[in-house]
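Presented below is the structure to which this report refers.
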Amino acid sequence: MMNQLKIAKKDARLYMSFMYVTFAALLVGGLMGLLQTLARSGKFTLPFGINYYTILTVHGVILGLVLTTFFIIGFQFALMGKTVGISDKQRKTGWWSFWLMLAGTVMAAITILVGQANVLYTFYAPLRAHPAFYIGLALVIVGSWVAVFTNFHQLYVWKKANKGQKSPLLAFMVVINMAMWFIASLGVAASVLIQFIPWSLGYAETINVLLSRTLFWYFGHPLVYFWLLPAYMAWYAIIPKIIGGKLFSDSLARMSFILLLMFSIPVGFHHQLTEPGIDPTWKFIQVVLTFMVVIPTLMTAFSIFATFETTGRRKGHKGLFGWFKHLPWKDVRFLAPFIGMVAFIPGGAGGIVNASHQMNSLIHNTIWVTGHFHLTVATTVILTYFGIAYWLVPHLTGRRLTPRLNKLGIIQAIIWTVGMTIMSTAMHIQGLLGGPRRSNFSTYAGGDQVQTWIGYQAAQAIGGTILFIGIVLMIYIFIQLAFFAPRGVEEFPIAEEEVDADPTPKVLENWYLWIGITIALILFAYTIPVFDILKHSPPGSVPFDWPIGRP
Amino acid sequence: MHLHKFEKIWLIFGMGSLALFLVIIGFAAFWKGTHPQSHIEIIDPENVEAHDSFKPENLGLREVAEGKYIVNIVASAFNYDFGTDADGKPVKKIRVPKGSTVLFQITTKDVVHGFQVAGTNVNMMVEPGHVSRLETEMKNVGEFTVVCNEYCGIGHHQMFATVEVYE
């Protein structure tokens with residue numbers, strides 16, 4: 001990692017293409033989010049007869065799948081290019097992945113916008129969307145796989161050229177994240193290719209609903225770790241450099257990524273705790289496995305704050321918290337991710353509640369869950385992504401993050417924090433009171449209980465409006481950084497190891513071992529229950545078009 | 001791999017808490033029997049009437065013993081069928097006395113639904129081909145709104161009912 005490679009213009013163009021889609025998605029998806037909170041306040045009706053569930057589907061798909069996947073793949077390509085390099089051939093396959101994903105996105109987006117796919121983001125068989133929706137999503141996933149194998153190949157080529165050396169930390173992390181993504185997305189790909197597409201085209205009469213849900217959630221939880229790991233990459237290996245410190249521990253960082261790989265996939269049943277068709281013992285086993293994911297997160301928390309303290313003390317800041325006071329609060333590249341880290345404390349704690357075997361029934365499908373992932377994904381992850389964009393975009397475009405843009409970025413981070421605090425707190429409370437998620441405004445015949453929810457929905461609209469202002473500001477900053485900021489050189493910050501750091505154990509790079517354990521855990525957690533689901537399966541479900549407004 | 005002393009303490013504390021949480025959850029689940037509902041009972045979604053509990057005449061609230069009730073419900077987009085009252089009108093509200101034990105049994109004729117008695121622990125997924133069942137004691141007096149909390153189509157937010165617990 002000592003020798004950073006230079007990013008050539010033609011490579012930068014590839015990485016930036018992913019960023020353009022990311023920020024376009026932010027604007028569109030954010031606007032849908034704003035409209036949702038307004039509609040749900042009960043004070044505003046959607047114009048042009050637009051259906052609430054159409055914008056809900058757009059919001060979920062475009063932010064949960066498109067924004068995240070494009071940002072992650074673009075960022076990871078840049079990390080690979082910077083640490084192990086990219087060849088002409090690899091750049092070409094990189095472009096393939098971009099165009100495949102974009103084609104799929106456009107296809108799915110059009111299908112949703114014309115009202116042919118009001119099935120939200122998790123499909124909900126036996127509701128049947130237009131086949132173009134499923135085919136579009138399949139293309140997004142296939143496109144991402146092209147990126148997966150390009151990244152694998154990049155590290156492989158580097159390893160062959162640098163025999164016996166340990167891989168650059170960030171390249172190692174990218175490969176872990178892509179390995180996880182590939183293994184996990186096999187589930188949703190199987191469901192879409194084998195179940196949904198033939199069924200939506202009319203080649204299969206019925207669909208096994210429980211199996212489709214199980215395959216979806218096999219993918220659906222690791223998906224959130226796929227979003228989180230790039231943020232961890234920045235926390236471990238980039239933030240230390242921004243604050244003027246060194247990597248805390250190369251081995252610890254690798255260890256925690258390996259643990260996340262192993263424990264992120266065999267946990268999907270905790271999304272299905274209140275479903276009737278799965279044996280409770282297997283649900284419990286996956287709850288235990290879910291809790292294991294907390295361990296690498298605790299390791300991450302320790303190592304990041306240890307870096308903060310070590311760096312501060314080395315700079316001579318004394319006292320118990322002197323180092324804390326002197327962190328670079330006025331540097332948005334630090335501040336935005338830092339707020340994200342803080343939001344992860346309540347976010348993670350809420351996650352433990354969600355995953356708990358019986359406690360889940362109190363909050364399952366209430367808007368508490370929405371509050372939870374707006375803390376974790378929409379704050380922790382997204383603010384870290386913004387923190388990355390503040391240096392990555394100017395680095396790629398040959399411009400500078402000026403003091404004025406830095407200041408705007410700080411204002412942006414604060415607006416985001418205020419908006420999200422209001423919105424997410426209101427969602428958590430309303431959820432505890434029983435308010436459902438994924439629902440349009442309704443007074444449910446005016447019971448007293450429902451009255452207690454509506455005030456919180458108004459608070460969500462206020463929070464949502466503030467957040468949208470933050471989104472518009474972010475788009476402005478992005479456009480400035482991409483096209484108008486003064487020419488110059490912006491650093492690609494990668495932290496270095498301490499000179500006297502302990503050598504990293506070789507076993508941490510034994511891919512056969514870690515991927516083998518991961519697969520063994522998945523087989524343990526899923527083989528018997530899936531066999532059960534197939535053995536005890538009810539007659540399949542015929543498709544339903546009319547409930548989602550299809551003729 | 002070298003671990004810092006403070007990190008060892010931090011991890012032992014963290015993992016210890018997780019272990020404690022899991023022991024509590026496991027104790028409640030396996031000794032007290034408070035598993036989330038899972039009955040693995042299947043049914044033909046196109047012919048739910050074949051099941052005794054979901055014959056039209058058996059839908060709705062029924063007292064089976066002193067203070068013990070069964071409620072049979074068939075969900076469909078976008079309605080909970082609690083049967084009909086004496087005038088032949090669909091029932092939208094059921095009433096039980098405080099402290100009674102109520103067994104909710106529900107299935108769906110078409111798509112996936114949710115069944116949550118807001119403000120209580122009654123919260124189930126209702127999936128085609130399966131019977132969802134949950135027994136609970138109604139300890140608190142009040143009117144509780146039953147909401148469909150799993151997306152079932154564009155009329156999803158109009159799907160509801162009421163459970164009243166009286167003194």
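The values are calculated or read from the model by the stated rules, or taken from the named source; none is laboratory data. Please read these numbers as outputs of a predicted model, since none were measured by experiment. All Cβ positions, glycine included, derive from the backbone under ideal geometry; neighbour counts span all protein chains shown. Remember, those area values only see protein heavy atoms, side chains included, never the ligands or the DNA or RNA. Shrake-Rupley method; radii C 1.70, N 1.55, O 1.52, S 1.80 Å.
Structure values in brief
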quantity	calculated
Probe 1.4 Å - accessible area at residue A:496, Å² to nearest ten	60
Eligible lysines near residue B:32 by straight Cα distance, threshold 19 Å, same-chain separation 8 or greater	A:283, B:139
Percent antiparallel among DSSP beta bridges (both partners in chain B, rounded to 5)	70
Whole-number accessible area per residue in Å² for the stretch A:118-273, which is evaluated in the context of all protein chains at 1.4 Å	25
Solvent-accessible area per residue for the stretch A:413-551 (1.4 angstrom probe, square angstrom)	47
Dimensionless Rg over Rh [the stretch A:349-438; C-alpha; Kirkwood]	1.16
With at most 15 other Cβ atoms within 10 Å, longest stretch of chain A clear of loop chymotrypsin sites (Phe, Trp or Tyr not before Pro) (DSSP)	A:330-551
Estimated FRET transfer efficiency when R0 is 25 angstrom, pair residue A:10-residue A:491 (beta carbons, to 0.05)	0.75
Dimensions in Å of the stretch A:220-341 - Rg and Dmax from alpha carbons	17.9, 60
Largest-first principal axis extents, alpha carbons of the stretch A:332-488, Å	60, 32, 19
Over 30 Å between alpha carbons, listed pairs A:43/B:89; A:166/A:318; A:10/A:160; A:166/A:407; A:535/B:93; A:43/A:330	A:43/B:89; A:166/A:318; A:166/A:407; A:535/B:93; A:43/A:330
Heavy-atom accessible surface of the stretch A:406-551: percent carbon and sulfur, 1.4 Å	71
Surface share of carbon and sulfur [accessible, 1.4 angstrom probe, percent] for the stretch B:120-163	40
Charge dipole of chain A about the Cα centre (unit charges at C-beta), most positive-ward option of A:381, A:280, A:85	A:85
Those trypsin sites (Lys or Arg not before Pro) in the stretch A:90-187 that DSSP places in a loop and that have at most 10 other beta carbons within 10 Å	A:163
Separation between Cα centres of the stretch B:13-78 and the stretch B:81-114, rounded to whole Å	15
³J(HN,Hα), Karplus 6.51/-1.76/1.60, whole Hz, each residue of the stretch A:515-528, x for Gly, Pro	5, x, 4, 4, 5, 4, 5, 4, 4, 4, 6, 10, 4, 5
Two-site FRET efficiency, residue A:149 against residue B:50, from Cβ-Cβ distance with R₀ of 60 Å, rounded to 0.05	0.75
Helix A:448-479 vs. chain A, principal-axis angle (Cα, 0 to 90°, nearest 10)	40
Theoretical FRET efficiency, 1/(1+(r/R0)^6), r = Cβ-Cβ of residue A:421 and residue A:324, R0 25 Å, to 0.05	0.75
Added length on full extension, which subtracts the Cα-Cα distance from 0.36 nm per residue, residue A:506 to residue A:46	159.8 nm
Tilt relative to chain A, helix A:332-355 - C-alpha long axis, 0 to 90 degrees, to 10	40
Euclidean distance between Cα centres, the stretch A:448-464 to the stretch A:510-547, Å	38
Convex hull projection area averaged over all views, the stretch A:160-209, Cα basis, nm²	5.5
Complex-versus-alone comparison for the stretch B:83-117, residues with a loss of 50 Å² or more in accessible area, probe 1.4 Å	B:111
Accessible-area composition of the stretch A:207-272, carbon plus sulfur, in percent [1.4 Å probe]	64
Crossing angle, helix A:131-161 versus chain A [Cα axis fit, 0-90 degrees, rounded to tens]	20
Long-range amide H partners of residue B:110 with built H, under 5 Å	B:77
Computed over chain B, Kirkwood Rh from alpha-carbon pairs, angstrom	17.9
Spatially proximal aspartates and glutamates relative to residue B:98 (Cα-Cα < 18 Å; intrachain offsets below 8 disregarded)	B:63, B:66, B:135, B:137, B:143, B:164, B:167
Residue of B:125, B:15, B:138 that the Gaussian network model of chain B assigns the largest fluctuation, springs spanning Cα pairs under 10 Å	B:15
Under the Karplus curve 6.51 cos²θ - 1.76 cosθ + 1.60, θ = phi - 60°, whole-Hz ³J(HN,Hα) for the stretch A:404-411, x wherever Gly or Pro sits	5, 5, 4, 5, 4, x, 5, 4
Viscosity 0.890 mPa s, 25 °C: Kirkwood-radius Stokes-Einstein D of chain A over Cα pairs, µm²/s	102
Heavy-atom accessible surface that B and A bury in contact, both chains counted, 1.4 Å, Å² to 100	5600
Backbone HN-Hα couplings from phi across the stretch A:356-361 [Karplus 6.51/-1.76/1.60, Hz, Gly and Pro as x]	6, 2, 9, 4, 3, 5
Alpha-carbon centroids, the stretch A:144-175 and the stretch A:193-238: separation in whole Å	25
Estimated 222 nm signal from helices in the protein assembly as shown, with DSSP H stretches of n ≥ 4 weighted -39500 (n - 2.57), rounded to 500	-18500 deg cm²/dmol
Shielded residues, the stretch A:506-551 - accessible-area loss of 20 Å² or more between chain alone and all protein chains, probe 1.4 Å	A:536, A:538, A:539, A:541, A:542, A:544, A:546, A:547
Surface accessible to a 1.4 Å probe, per residue, for the residues of the stretch A:1-81, Å²	36
Globularity index of the stretch A:437-521, i.e. its alpha-carbon radius of gyration over 2.2 N^0.38 Å	2.18
DSSP-defined antiparallel bridges as percent of all bridges, the protein assembly as shown, nearest 5	70
Chain-alone versus full-assembly comparison, the stretch B:130-149, residues with accessible loss of at least 20 Å² (1.4 Å probe)	B:130, B:143, B:145, B:147, B:149
Cα-only Debye scattering, the stretch A:442-491: base-10 log of I(q)/I(0) at q = 0.13 Å⁻¹	-0.54
Unit charges on C-beta of K, R, D, E only; dipole of chain A, Debye	1480
